[in-house]
Each structure stands twice: as structure tokens, then as C-alpha cells.
Amino acid sequence: MIDELLTLLLARIITLLPNYLILLKKLEIGVFFFCWRSHRQAKNLPTFYGSLEDKLKEQAISEYSHAQIFCKLTGSTLNMTGAGLISREEKAAFDWGCVNWDTSGESYQVDGMSTRYLSAKVFFGFRTANSYGWCDRLAFMYVLEDFQALFYKQLLYFVPPEVQEELLPIAEDELTHAINIHASLWYIAGVERQQWLIFLWQVRKYSALACIPFDALYLYLSSLFQSSKVKLIKLIN
Ligand SMILES: [Fe+2]
Ligand SMILES: [Fe+2]
């Protein structure tokens with residue numbers, strides 16, 4: 001119930017930002033990179049229905065397809081497919097964190113997203129997401145995926161019909177990711193440790209959420225600053 005109210009509020013705040021679809025695209029690209037790298041690190045780690053490595057690869061491709069959908073909604077395209085990117089750039093997973101294959105010509109640094117925003121810093125305890133071991137990693141991935149599924153469902157109330165249509169299957173995918181990760185954590189950590197870890201990461205989640213308004217204000221002010229800068233440049237030219 002509390003999560004439903006929080007995601008509803010968050011969905012309202014995010015949709016006030018003029019560039020919220022670009023923000024969601026960047027978020028999905030960040031998750032893609034995290035899953036891709038995790039898949040490379042998960043060699044020989046079993047889960048109860050196959051290898052964790054394969055499950056994470058599958059999730060990485062799914063996250064990339066979400067980024068592609070948000071990208072198309074903003075009028076541009078990610079030039080490569082997720083599967084193509086993984087197979088062609090297999091070795092680059094760890095040293096290629098700058099995305100510049102967007103047809104809009106935009107490029108941005110994906111690495112360091114876990115330490116860029118105040119809310120992310122608080123959530124990850126001022127450490128990088130990659131610095132955690134497998135049990136913590138799966139626990140926070142579960143907490144985030146579950147929350148993201150709910151957040152996208154609430155976002156449906158505030159977005160235009162063309163975005164709604166694309167967003168609904170994405171929300172369902174996030175729920176599937178959450179269920180798969182929950183099962184993998186249960187297999188690796190056992191029931192009691194799983195419950196304890198999820199509780200700890202839920203506490204981190206609520207602490208991080210308290211910082212979201214500050215991040216939103218910062219993003220809002222920087223997008224205002226950016227658009228005034230563009231107008232000024234046009235005026236000068
Ligand atoms: Fe996603
Ligand atoms: Fe996901």
C-alpha cells in the first residue's frame with residue numbers, strides 16, 4: 001500500500017519533467033549495463049532453473065529493448081540490438097560505459113549511475129552497485145525491479161495513450177524480472193537470509209526515496225538551464 005502511494009507520487013513528479021522519457025531511457029540503459037556485466041561475472045553460478053549467467057543475459061537483452069522503446073518514443077533509435085551488442089562487444093562490457101550509438105547524436109556516461117544521484121548514493125550506501133557480492137546484488141535487484149514494475153504501472157495514469165501502449169508490456173517484463181531474481185536469491189541464499197536481505201534493502205529503498213525530491217529539483221533546474229542556454233545560443237547566432 002505504501003509503495004503504491006509512493007510510486008504514484010513519484011510517477012506524478014517524474015512526468016512533470018519535460019524530458020522524462022529520455023530519463024527513463026538512460027535508466028534502462030544503466031540497468032542493461034549492470035545486467036550485462038553481472039552476466040559476465042556470473043560464470044558457473046547455478047540457480048534452480050539453469051545458470052544465473054544465462055538469466056542475467058536474458059534480462060540484459062530485455063532491459064535494452066525497454067531502452068529502445070523509450071528511445072523510439074523520443075523520436076530517435078538505438079542503432080544496435082541488445083543481442084547484437086552483447087555478442088559483438090563481449091569483451092567491452094567492463095570498459096565501455098559511454099553510450100553514443102543513439103541516432104539523435106546524444107552520448108552519455110552510463111558508468112557511475114549508482115553514485116551520480118543523491119538517492120542512488122544513499123541506496124547503495126555510498127558504494128558502487130558492482131562492489132556488492134551476489135546475495136546483496138540479487139536482493140537489491142529484486143527490490144528495485146519490484147518497485148520499478150509498480151512505478152511503471154502508476155506512470156500509466158499520467159502519460160499519453162501512445163506511451164501507455166508501450167509502457168504496459170514493459171511493466172509486465174519488470175515484474176517477471178523481479179520474480180526470476182527472487183527465485184535466484186532464494187536458491188543462492190536460502191529462505192531466512194533471503195528475507196533478511198530483502199528487508200535490509202527495503203529500508204535502504206525508503207531512505208533513498210526520501211532523497212528523490214532533491215534529485216528531481218536538481219534535474220528540473222538543470223533542464224531549465226539547458227533550454228535557456230539553447231535559446232541564448234540561437235539568439236546569438
Ligand atoms: Fe527495464
Ligand atoms: Fe527490469
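The values are calculated or read from the model by the stated rules, or taken from the named source; none is laboratory data. Owing to the predicted nature of the structure, the values given are computational and were not obtained by experimental measurement. Every residue, glycine as well, gets a Cβ built from its backbone with ideal geometry; the counts of neighbours run over all protein chains shown. What goes into the accessible areas is simple: the full protein's heavy atoms, side chains included, and nothing from ligands, DNA or RNA. Shrake-Rupley method; radii C 1.70, N 1.55, O 1.52, S 1.80 Å.
Numerical summary
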{"read-out": "Residue ID - least open to solvent (accessible area, probe 1.4 Å), chosen from residues in the stretch 11-21 that are modelled with pLDDT of 90 or more and assigned to a helix (DSSP H, G or I)", "value": "Ala11"}
{"read-out": "Of all residues making up the stretch 10-22, the number that are under 23 Å from Ile181 (Cβ atoms) and within 15 Å of ligand 1 (Cβ to nearest atom)", "value": "0"}
{"read-out": "Residue satisfying condition, being of a type outside the set (Val, Ile, Thr) and buried (at least 18 other Cβ atoms within 10 Å of the Cβ), within set Gly84, Gly75, Gly50, Gly30", "value": "Gly30"}
{"read-out": "Residue match in the stretch 230-237 (condition: β-branched (Val, Ile, Thr), open to solvent by 30 Å² or more (accessible area, probe 1.4 Å) and under 22 Å from Asp54 (Cβ atoms))", "value": "no"}
{"read-out": "Single residue of the stretch 126-180 satisfying the filter (within 10 Å of ligand 2 (Cβ to nearest atom) and of a type in the set (Ser, Thr, Tyr)) that is farthest from Tyr206 (Cα to Cα)", "value": "Thr176"}
{"read-out": "Per-region count, the stretch 130-140, residues hydrophobic (A, V, I, L, M, F, W, C) and open to solvent by 10 Å² or more (accessible area, probe 1.4 Å)", "value": "2"}
